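**Q** This is the structure I want to talk about, given as structure tokens.
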Amino acid sequence: IKHAIIAEQFYIDYQPKVNSKGGIIGFEALIRWYHPDKGIVSPADFIPIAEETHLIIDIGKWVMNAALTQQRKWIDLGFAVKPISVNISGHQLMAEDFITFIKDSLVDHNVEGRLLEIEITEGVLINEIERCIEVLTVVKSLGVHISIDDFGTGYSSLNYLRRLPLDILKIDRAFVRECDAIDEDREICAAIINLAHSMDLSVIAEGVETKAQVETLMSLGCHNFQGFYYHKPMGRQKITELLIQP
Ligand code: C2E
Ligand code: CA
Ligand code: CA
């Protein structure tokens, strides 16, 4: 993996997030690894390995730098720029220098905090709750949006949730997949959406693939979506075209 960074085998695809009218509200940066022999390796395969070996720190830095470099280009091109979200692993969030890293990244790329969002999985947050509250409070004070990824899979206590300085809950794909077909899944989605609203947070559903899912989620009060039904992850060139001709 270290070799991949040096050999410049990583690149990023961006997946648009949309509102109920299909308008773009942001993008998620998703890392891709083009291996010369194996072809494209899924992040679901190499991110967990990278986490074990702490190489995730280097990868995470690489992604942040690449995403903010791109964000700066879109700003310079004069687009009505939306926040770009970057996935942050547990090790990265817990690293001594995380706050400095975020501050420096924003300054180095001359990007306002409000144009960055970080996505952290629920499991990471509940593991080290006190430290997360501390770190995220500072990060949020920079204007950065904070989103809980894969929400609904980590058994957060509501008391903890309330104490975290959050902006967005992201409903895990597992509940979205059959929310239009299975009562239990729909009820879980409804519970998450109501929870978000009662805590004054935004809510977005990920992995949305069908109209039926969208309609169900809208009827439950969720109006932000990310998924193949709207847009697949795509290269920066495609995103630029999308921004030119929305
Ligand atoms: P995630 O953060 O939950 O990202 C969403 C994943 O769902 C992405 O997979 C995306 O391509 C996929 N997806 C989006 N819409 C749909 C849909 O409608 N249907 C289906 N079936 N899938 C959809 P991807 O890109 O393979 O990433 C997998 C995971 O790898 C991510 O899950 C995230 O946990 C991790 N990851 C990706 N990039 C990074 C990164 O830069 N840093 C870290 N720490 N983790 C990353
Ligand atoms: Ca994510
Ligand atoms: Ca997710």
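The values are calculated or read from the model by the stated rules, or taken from the named source; none is laboratory data. Quick caveat: nothing in here was measured; it's all calculated off a predicted structure. So basically every Cβ, Gly included, is an ideal-geometry build from the backbone, and we count neighbours across all protein chains shown. Please note that ligands, DNA and RNA were not included when accessible areas were found on the heavy atoms of the full protein model with its side chains. Shrake-Rupley method; radii C 1.70, N 1.55, O 1.52, S 1.80 Å.
**Q** Output the residues belonging to the range 146-163 that are modelled with pLDDT under 90 and either part of a strand (DSSP E or B) or more than 22 Å from Arg114 (Cα to Cα) (or both).
**A** Result: Gly152, Thr153, Gly154, Tyr155, Ser156, Ser157, Leu158, Asn159, Tyr160.
**Q** While we're looking at this one, here's another question. Quick one: in the range 164-173, of everything that is within 16 Å of ligand 2 (Cβ to nearest atom) and part of a loop (DSSP other than H, G, I, E, B), which residue is most open to solvent (accessible area, probe 1.4 Å)?
**A** The extreme case among them is Asp167.
**Q** Give the range 128-163 a look and list any residue that's within 13 Å of ligand 3 (Cβ to nearest atom), open to solvent by 30 Å² or more (accessible area, probe 1.4 Å) and not small (Gly, Ala, Ser), or say none.
**A** First, pick out the residues of the range 128-163 that are within 13 Å of ligand 3 (Cβ to nearest atom): 147-154.
Subset that is open to solvent by 30 Å² or more (accessible area, probe 1.4 Å): 150, 152-153.
If the condition is that a residue be within 13 Å of ligand 3 (Cβ to nearest atom), open to solvent by 30 Å² or more (accessible area, probe 1.4 Å) and not small (Gly, Ala, Ser), then Asp150, Thr153 are the ones that fit.
**Q** May I pose another question? State whether one or more residues within the range 105-113 are more than 14 Å from ligand 1 (Cβ to nearest atom), closer than 26 Å to Ile47 by Cβ and in a loop (DSSP other than H, G, I, E, B).
**A** yes
**Q** Continuing with this model, one more query. Just one of (1) within 16 Å of ligand 3 (Cβ to nearest atom); (2) under 23 Å from Leu166 (Cα atoms); (3) loosely packed, with under 15 Cβ neighbours inside 10 Å; (4) not charged (D, E, K, R) trips up Leu93, so point out which.
**A** (3)
**Q** May I pose another question? Please verify whether Leu125 is open to solvent by less than 10 Å² (accessible area, probe 1.4 Å) and touching a Gly at 6+ places or on another chain (Cβ under 9 Å), treating the condition exactly as stated.
**A** When the stated conditions are applied, Leu125 passes them.
**Q** Answer yes or no as to whether Leu106 is in contact with a Gly (Cβ under 7 Å, 6 or more places away or on another chain) and of a type in the set (A, V, I, L, M, F, W, C).
**A** yes
**Q** Show me the strands (runs of 3 or more DSSP E) entirely contained within the range 3-67 in which 1 or more residues are free of Cβ contacts under 8 Å to residues at least 24 places away in the same chain and either open to solvent by 50 Å² or more (accessible area, probe 1.4 Å) or under 15 Å from Arg236 (Cβ atoms) (or both).
**A** Passing ranges, in order: 24-35, 39-41.
**Q** A follow-up question, please. If you scan the range 116-144, which residues turn out to be within 16 Å of ligand 2 (Cβ to nearest atom), of a type in the set (A, V, I, L, M) and more than 21 Å from Ala67 (Cα to Cα)?
**A** Val124, Leu125
**Q** Is it true that some residue in the range 175-184 is in contact with a strand residue (DSSP E or B) (Cβ under 6 Å, 6 or more places away or on another chain), surrounded by 16 or more Cβ atoms within 10 Å (Cβ to Cβ) and of a type outside the set (Gly, Ala, Ser)?
**A** Of the residues in the range 175-184, the ones in contact with a strand residue (DSSP E or B) (Cβ under 6 Å, 6 or more places away or on another chain) are 176.
Those left that are additionally surrounded by 16 or more Cβ atoms within 10 Å (Cβ to Cβ): 176.
After this cut, where a residue has to be of a type outside the set (Gly, Ala, Ser) as well, the list is 176.
Yes, the range 175-184 contains a residue that is in contact with a strand residue (DSSP E or B) (Cβ under 6 Å, 6 or more places away or on another chain), surrounded by 16 or more Cβ atoms within 10 Å (Cβ to Cβ) and of a type outside the set (Gly, Ala, Ser).
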